[in-house]
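The values are calculated or read from the model by the stated rules, or taken from the named source; none is laboratory data. This is a predicted model, so every value here is computed, not measured. No Cβ is skipped: glycine too gets one built from the backbone with ideal geometry, and neighbour counts run over all protein chains shown. Keep in mind that these areas ignore ligands, DNA and RNA; they rest on the heavy atoms of the full protein, side chains included. Shrake-Rupley method; radii C 1.70, N 1.55, O 1.52, S 1.80 Å.
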Amino acid sequence: MEVRSPCVLRCLYDLEMKQCTGCLRTIPEIEGWWKMSDGERKLTLQRIAERRRENKSKDPHHVGKTKAP
């Protein structure tokens, strides 16, 4: 079964964080997604999950929103 893209169609690139605020991928991860093996995609999803946890811990007012204000 193919690993699905984490894109949530809320593309906005954060220059400070160097990642999309919607899916939390970096430009190389976004550009390379379709060339990655399923194993590489799973590793990318693990990195995204870690970024999400880090972002929540840095923002005490985070309520699960991924869209920029």
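Summary table below
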quantity: Within region 7-30, tally of residues that are open to solvent by 30 Å² or more (accessible area, probe 1.4 Å) and not β-branched (Val, Ile, Thr); calculated: 12
quantity: Residue list for region 40-69, filter: open to solvent by 80 Å² or more (accessible area, probe 1.4 Å), aliphatic (A, V, I, L, M) and either modelled with pLDDT of 95 or more or under 21 Å from Arg4 (Cβ atoms) (or both); calculated: Leu43
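Yes or no, residue by residue, for (1) aliphatic (A, V, I, L, M); (2) more than 19 Å from Arg53 (Cα to Cα); (3) outside any helix (DSSP H, G or I):
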residue: Glu2; (1), (2), (3): no, yes, yes
residue: Pro6; (1), (2), (3): no, no, yes
residue: Leu9; (1), (2), (3): yes, yes, yes
residue: Met17; (1), (2), (3): yes, no, yes
residue: Gly22; (1), (2), (3): no, no, yes
residue: Arg25; (1), (2), (3): no, no, yes
